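Notes for the one structure printed next.
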Amino acid sequence: MGAVFLYFGALKLFPGLGPAEDLVLRTIDILTFGVVPGRRAVFFTGALESALGLMLLTGRQLRVAIYLQLARWRAEALDGATANLAPSDGPKNH
């Protein structure tokens, strides 16, 4: 699990590489009402996930890793609550 967090977190540190970059950009824009710049939010998310991955891989600071994961889950719950607010590029029913 730590390797997955580290890999996908590291991808977010480089613009255009992360598969969820657009999702993070839209979610942070909605949750902060545009106050937090999108690229900075993606970088912060990537750094957080990378740190979490390193903690899980090394076995150090596991208590901190658990608290970070709980914070991520809380943010994801907020994202789910606001999912209908974000415009989607998905299929449209005509």
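The values are calculated or read from the model by the stated rules, or taken from the named source; none is laboratory data. Since we're looking at a predicted model, the values are computed, not measured. Please note: Cβ atoms are built from the backbone with ideal geometry, for glycine as well, and neighbour counts cover all protein chains shown.
Reported count of residues in region 38-55, each being under 11 Å from residue 9 (Cβ atoms) and buried (at least 16 other Cβ atoms within 10 Å of the Cβ), is 11. Since residue 3 meets every condition but one in (1) at pLDDT below 80; (2) surrounded by fewer than 15 Cβ atoms within 10 Å (Cβ to Cβ); (3) small (Gly, Ala, Ser), which condition does it not meet? The number of the failed condition is (1). For the criterion of being of a type outside the set (Asp, Glu), surrounded by fewer than 15 Cβ atoms within 10 Å (Cβ to Cβ) and modelled with pLDDT of 85 or more, residue 59 passes. Any residue in region 6-19 that is under 14 Å from the mean Cα position of the chain (by Cα), in a loop (DSSP other than H, G, I, E, B), at pLDDT below 80 and surrounded by fewer than 15 Cβ atoms within 10 Å (Cβ to Cβ)? Yes; the residues of region 6-19 include at least one that is under 14 Å from the mean Cα position of the chain (by Cα), in a loop (DSSP other than H, G, I, E, B), at pLDDT below 80 and surrounded by fewer than 15 Cβ atoms within 10 Å (Cβ to Cβ).
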